[in-house]
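Right, one structure below, let's go through it.
The values are calculated or read from the model by the stated rules, or taken from the named source; none is laboratory data. Note that the structure is predicted; figures quoted are calculated from it, not measured. No Cβ is skipped: glycine too gets one built from the backbone with ideal geometry, and neighbour counts run over all protein chains shown.
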Amino acid sequence: MLRTDLSTRPFYNERAVTVALGVAAVIVLICTVLNVTALAALSRRQSALAAEADQAERTARDLRQKAETARRSVDQSRLAAIAAAAHEANALIDRRVFSWTELFNRFEATLPAGVRIAAVRPSVDPDGRLIMTVAVVARSVDDVDAFIEALEGTHAFGDLLAREERFNDAGLLEATLRGVYRSERVPGSAEPGAPESRP
């Protein structure tokens, strides 16, 4: 017997189509989840970077404010004094003619018995001359005058004058001597270490 399918609708394998659609849907879902996860991670990273940038900007602003405050708090007059002192020290070093040993040898050779040296401060004036300021304590004005004459007699000191004089509570004369100091030995001058009689 001959059997013929005379239906006008063709046969479809619906199960295979359903499986294929399901697999495609799962793939799409997985891709969507991966994209969402990556987007969330990128958003968190961007937020962290933005927070770090804000923190860095606040830190930089605080540092600028502190630097400005520190700059304003600096005592300009003290800074100028320090710079001037450094300039004087550099000038002394550059001249390479100043010797503490030679200076104190001159003091030892000329210091009267009634005079005691309290302080010594060298400096350089605007003309580049070495200025010596010597604070002394003496029993009388005559002792100070004798010390000045003895120092000038070495030809190492010039224009040496007592700038300040006053008697302290112990009755001793406190004086500040200031004059030009030439450490180079002048021909015919007294040897700085030579013994000299004291009154």
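Points to keep in mind about this one:
- Looking only at the range 101-127, and only at residues there that are closer than 30 Å to residue 167 by Cβ and exposed (fewer than 15 other Cβ atoms within 10 Å of the Cβ), the one that is modelled with the lowest pLDDT: 125
- Number of positions in the range 111-134 that are closer than 12 Å to residue 180 by Cβ and either in contact (Cβ under 8 Å) with a residue 40 or more places away in the chain or polar (S, T, N, Q) (or both): 7
- Pairs linking a residue in the range 135-152 that is closer than 23 Å to residue 169 by Cβ and touching a residue at least 24 places away in the same chain (Cβ under 8 Å) to a residue that is part of a loop (DSSP other than H, G, I, E, B) and of a type in the set (Gly, Ala, Ser), with Cβ atoms under 7 Å and 6 or more positions apart or on different chains, are 138/114; 139/114; 140/114; 143/114.
- When every residue of the range 165-181 is checked against the conditions, at least one turns out to be at pLDDT below 90, surrounded by fewer than 15 Cβ atoms within 10 Å (Cβ to Cβ), of a type in the set (D, E, K, R) and assigned to a strand (DSSP E or B).
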